[in-house]
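The values are calculated or read from the model by the stated rules, or taken from the named source; none is laboratory data. Only a predicted model underlies this, so the values are computations on that prediction, with no experimental measurement involved. Backbone-built Cβ (ideal geometry, glycine too); neighbour counts: all protein chains shown. When the accessible area is computed, the model is the full protein with side chains, heavy atoms only, and any ligands, DNA or RNA have been set aside. Shrake-Rupley method; radii C 1.70, N 1.55, O 1.52, S 1.80 Å.
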Number of protein chains: 4
Amino acid sequence: MSRDTARVEAFSDAVIAVALTLMAVQLLQFGRTEAPDEDLVSKLENEWRAFLAYVITFAIVGQIWLTHHNSWRYVIRVDQMLLVLNLVMLMFVAAIPFTANQLSDHLRGSAVDQQISAAIYVGAVLGEALFFNLAWWWARWRGLLTPDLDPRLAELVSRRYLLRPLLYLGAFAIVFINPILSLLAYLLLVAIYLIRGPGDLPPGGQAEAESR
Amino acid sequence: MSRDTARVEAFSDAVIAVALTLMAVQLLQFGRTEAPDEDLVSKLENEWRAFLAYVITFAIVGQIWLTHHNSWRYVIRVDQMLLVLNLVMLMFVAAIPFTANQLSDHLRGSAVDQQISAAIYVGAVLGEALFFNLAWWWARWRGLLTPDLDPRLAELVSRRYLLRPLLYLGAFAIVFINPILSLLAYLLLVAIYLIRGPGDLPPGGQAEAESR
Amino acid sequence: MSRDTARVEAFSDAVIAVALTLMAVQLLQFGRTEAPDEDLVSKLENEWRAFLAYVITFAIVGQIWLTHHNSWRYVIRVDQMLLVLNLVMLMFVAAIPFTANQLSDHLRGSAVDQQISAAIYVGAVLGEALFFNLAWWWARWRGLLTPDLDPRLAELVSRRYLLRPLLYLGAFAIVFINPILSLLAYLLLVAIYLIRGPGDLPPGGQAEAESR
Amino acid sequence: MSRDTARVEAFSDAVIAVALTLMAVQLLQFGRTEAPDEDLVSKLENEWRAFLAYVITFAIVGQIWLTHHNSWRYVIRVDQMLLVLNLVMLMFVAAIPFTANQLSDHLRGSAVDQQISAAIYVGAVLGEALFFNLAWWWARWRGLLTPDLDPRLAELVSRRYLLRPLLYLGAFAIVFINPILSLLAYLLLVAIYLIRGPGDLPPGGQAEAESR
């Protein structure tokens, strides 16, 4: 692995780490804008959506980190285009706290508001998934991946990555039926991607991780 | 140590570093919302709880970093589940500034408010301790720790980690007697864990650290 | 490469990563200050400039990261002055989100406001470009670059870096004709610098990256 | 150098990087709270102190990073106490943006307000310098520094570090004469410490940096 690859990983991780903790800034501020004479129980009742947005953001951005971590294990070289694709992906990742916040804010809004905030949210998630896929395809096409990567495994991983935006679109479509159902579908998708699939870290971390 | 382990450590450190400095953002904002005609002395009198929350957060999150640092020295491999457990632990860590803020905000509130904010706080700290323990147990069970780790030492470390959530629950119980006493109990616990125990860095840092 | 160089890169990357995500904090807050009875469509109409500032910031700061990344690949030693020049450059980088925000805020303001905010913006960008160039010249002059760097390539890279502040000044001048045209000129400049030039990562990342 | 040392450096750098960029968050917010009908020129007149606080913070925190960077080059081992001392130092560093903000906010306040805000500021800076010195002394005493470090150089470096808090106290005393003079004295001190002294990186970065 070249020094460049390590630096790109570290930079991506820093952006993702800040994005993860952005929602905690939001939590901090919620408590301060309320009427000071309100008691804590009613405050919490008004704020439960902030907690929901915090958990959703952590789940989705955390899963993106895991996927990024798993896919970059195979990258041994970088070129200018891969860095640009990675940066655009990070732009969408850093916008996810904002969109998750909108989503949870409008859970009790009008049907139109719910659908628009769901559309903004799915826009950020789809943008991330799209540029993640483009970066992966580019790395495969330009020979930036380790030669140790079995072509059949690479093919399986590619298909798995490609499936993700399609599933997100499916979860988005459910918002026209019920916005909370749509939210649960997103969380279900995260859970599915946390289950080990091709290209993920092996159970017990033997062999492969060690030989590098 | 594999490259994966180093990357997980760096990512965890970034999240913890942002969580540590979140309270400083809070400090910055406190000064701005007050009446501009108030003089600085009365401002500071109103703000002392913000300083308290800052110190508590730094003490607790700093101690979590130390413990994380000490335990990950033994991790030589990672798998998908360990990463997920680590991410959930980080979710609780990043929520600690918010809960410490609530705790200090309600020190002078009603008894019910004090107990609820203490419960929220202990929830974040217990969640962190729980997933920290789960990650440690998982790493031991799946053989992700260095074979150089003496099984008796591993056992001692495990017990010490397990004790932490129980002590937190004890400190929480005190809130029903006196909330400030409960806060002092938390700080005492942090101090106790800063004292060297099994699995911590050796005094003078000889031997072990070097041989790696 | 010495350990010092790696640490300076990691520190610079952390500052740049936080600067990149600062605009996301801004996005989060925009949603909260509006009248709660306003519907989401009219909110978004009022907020489109926040999205624009977010994209501009990401484009410019992202491009700065790329350029920094490419130029520091050649640095093998650091001295005190290089660190100071790098720190001052980071000071201007961290101010870019603020200036981009001002720029987008005043797109619909009076002509004077547009020109002042454009001047503040170009001030931050020129300051960054100036100290970036100073750091590069210093590193060349003091022999801090790798001896593998072809002097003719170094010369080409130097000229390319030097051109950047001049182009920024050109884009700034356009604000006296039309502020939106000026903004588009900035984005065009970013796009131009993303195209591979001398000193950038080679296509396919072969050879050079590997031999290190 | 052990892996522990590198991780402590990376963590410290992340905290310092976030502290550096905290003031940029502050800048972003200043622009938003003003009356929307105010024009940009009068806004900037009201905000010049925010820019001053931004530059002061960057100068002081940047200089702390440089000093930290220079002193940790000699650390080859860490123990529990060194980590705790380093964490307490970081707690003071992360509070500097808040205190610099107070300082610049009260430049035009009453004499008492000026002196109190200067006292808070010097408190944070002295706390940082104190724990920085304690960490350095501890590392020397417990043999955590590289054996290559010439004892005479170590002695010179120790004295230089010790001088810093005394100079800060001197700059603080000037606030009773004139607060702006006191501020200039702080900036002068930063400039003095940026000049190469014993233990800093050698000019041209030869020899020493390379041999590691």
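Shortest first, residue A:109 label-point distances to identical copies amount to 2.8, 2.8, 3.9 nm, with the label point at 7 Å from Cα along Cα→Cβ. Counts of other chain beta carbons within 10 angstrom of each beta carbon in peptide C:55-65 average 3. Of the residues A:92, B:11, the one with the largest accessible area comes first in the ranking A:92, B:11, computed with a 1.4 Å probe on protein heavy atoms.
The value given for region C:82-124 is a Kirkwood hydrodynamic radius of 10.9 Å, derived from the mean inverse Cα-Cα separation.
Using the Cβ-Cβ distance between residue B:155 and residue A:192 with R0 set to 25 Å, the FRET efficiency works out to roughly 0.10. Under 30 Å between alpha carbons, and skipping anything fewer than 8 positions from residue D:43 in its own chain: which lysines qualify? In chain and number order, the partners are B:43, C:43.
Please compute how much accessible surface disappears when C pairs with A, both sides summed, using a 1.4 Å probe, and round it to the nearest 100 Å².
Details: alone 11540 and 11510 Å², together 19230 Å².
For C against A, buried area totals roughly 3800 Å².
A probe of 1.4 angstrom, applied to the heavy atoms of all protein chains, finds residue C:108 with accessible area near 150 square angstrom. Per-residue shielding of C:83-89, expressed as the average number of other chain Cβ atoms within 10 Å of the residue Cβ, stands at 4. Given R₀ = 41 Å, FRET efficiency for residue A:181-residue B:112 by Cβ-Cβ distance, to 0.05? Once the sixth-power term is evaluated, E becomes 0.70. For the residues of B:139-148, the average number of beta carbons from a partner chain within 10 Å of their own beta carbon is 1. Given a Förster radius of 22 Å and the C-beta distance between residue B:141 and residue B:162 as r, what FRET efficiency does 1/(1 + (r/R0)^6) yield to the nearest 0.05? Here the calculated transfer efficiency is 0.95. Couplings 3J(HN,Hα) for region A:7-24, derived from phi with the Karplus relation 6.51 cos²θ - 1.76 cosθ + 1.60 (θ = phi - 60°), are 5, 5, 4, 5, 5, 4, 4, 5, 4, 5, 5, 5, 4, 4, 8, 4, 5, 5 Hz, where x marks Gly and Pro. Once you treat every alpha carbon in region A:57-150 as an equal point and sum by Debye, what is log10 I(q)/I(0) at q = 0.13 Å⁻¹? Summing over Cα pairs of region A:57-150 leads to -0.51.
Taking packing as the residue-averaged number of other Cβ atoms within 10 angstrom, the listed peptides B:51-61, C:127-137, D:165-175, D:15-25 run from highest to lowest as D:15-25, B:51-61, C:127-137, D:165-175. Each Lys or Arg adds one and each Asp or Glu subtracts one; over the other residues with Cβ under 13 Å from the Cβ of residue C:159, this totals +3. Around residue B:21, with a cut-off of 14 angstrom between Cβ atoms, what is the net charge of the other residues, counting Lys and Arg +1 and Asp and Glu -1? That sum, taken over residues with Cβ under 14 Å, equals -2.
Tally up the carbon and sulfur contribution to the accessible surface of region C:68-154 as a whole percent, 1.4 Å probe, everything protein left in place. So the carbon and sulfur contribution to the accessible surface is 66 percent.
Using the Karplus relation 6.51 cos²θ - 1.76 cosθ + 1.60 with θ = phi - 60°, the per-residue 3J(HN,Hα) values for region B:96-111 come to 4, x, 4, 6, 5, 5, 4, 4, 6, 5, 9, 4, 9, x, 5, 4 Hz, with x marking Gly and Pro.
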